[in-house]
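See structure below.
What follows is calculated from the coordinates using simple rules that are stated; it is not laboratory data. The structure displayed is predicted, hence computed values, not measured ones. When we count neighbours, we look across all protein chains shown, and the Cβ atoms used for this are built from the backbone with ideal geometry, even at glycine.
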Amino acid sequence: MPNSRSRRQTKGAFGNNKARPLVRDWSAPAPAPTDTTPREPSFADKLINYSQPILEQAGNNHTAAKGAMNVAILIWNAAIEGDAKIAEAKKTLVALPGATAEQVEELVTTMVARKTELYPEEKLSVTNFILKFSHRKGAQFRVSAVNINPEGVKKSDLSDMVKVTA
C-alpha cells in the first residue's frame, strides 16, 4: 500500500513533481488512399435491379413495396428452382386478392425472362430479406441467400451407394 514516505522514494509520474518534456509525435497520419475502382454490384443490388418493374408499381407506399419484393423474390426463387416451382408460384400468386390468371401468367413470364436476361448465371436462392424505411437513411435492403447449386458439388445418387442384399 503506498504511503507518503514510500512516495518520496519513487521516480516517475507519481513520485516526481518536476515537469518532463513530452516526446510524442502529435501529427496526424496520412489518410489512406481511397479505391476509386467501381465495385461489383452486391446480390441485394442485383435483386433490386431485377425487381424494379414491380417496385415501380408500388410507388411510395412502404407496405406495397414490401409486398412487391415478396412477389419478386417468389418469382426469382421459382426461376432458379425450375418449372415445377414456377407452376407453384403461379398458384400462389393467383390466390392473392385481385389477381387474375392472365395477369399472373404475364407477370411470371416477364420476370422469369428478365431474370434469365439480366443474371443467367446467378444461382442464389433468397431465404430472407429485410426492407426498412427511415427518414434519415432512406431505404435499407438486406438479403440472406443460399447457393442451391454450388460449382463442383454434385448430388449423389443413393441407389449407387446403397446395396440391398437379401
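Ordered by packing density, taken as the mean number of other Cβ atoms within 10 Å over each peptide's residues, highest first, how do 24-37, 54-67, 78-91 rank? Present the calculation step by step, with values, prior to reporting the outcome.
Numbers: 24-37: 5.8, 54-67: 13.4, 78-91: 15.7.
My ranking of the peptides, most packed first, is 78-91, 54-67, 24-37.
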**Q.** Estimated vicinal HN-Hα couplings, Hz - the range 33-39 in sequence order (Karplus 6.51, -1.76, 1.60; Gly, Pro = x)
**A.** x, 8, 7, 9, 6, x, 8
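Taking the range 43-147, how much of its Cα-Cα pair set, in percent, is spaced more than 16 angstrom apart? Show your work: numbers first, answer last.
On the way: 3119 of 5460 pairs.
Above the 16 Å cut-off, the range 43-147 has 57 percent of its Cα pairs.
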**Q.** In the range 43-147, lysine pairs with alpha-carbon atoms under 21 angstrom apart (chain gap of 8 or more, or interchain)
**A.** 16
(Q) Spelling out what I want: for every residue of the range 64-74, take phi, set θ = phi - 60°, compute 6.51 cos²θ - 1.76 cosθ + 1.60 (Karplus), and round to whole Hz; glycine and proline get x. (A) 5, 5, 5, x, 5, 5, 4, 5, 4, 5, 4
Q: Go through the range 131-138 residue by residue and turn each phi into a ³J(HN,Hα) via Karplus (6.51, -1.76, 1.60, θ = phi - 60°); whole Hz please, and just put x for glycine and proline.
A: 10, 10, 10, 9, 6, 7, 9, x
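I'd like the FRET efficiency for Ala113 and Asn61, computed as 1/(1 + (r/R0)^6) with the beta carbon distance as r and R0 of 30 Å, rounded to 0.05.
0.70
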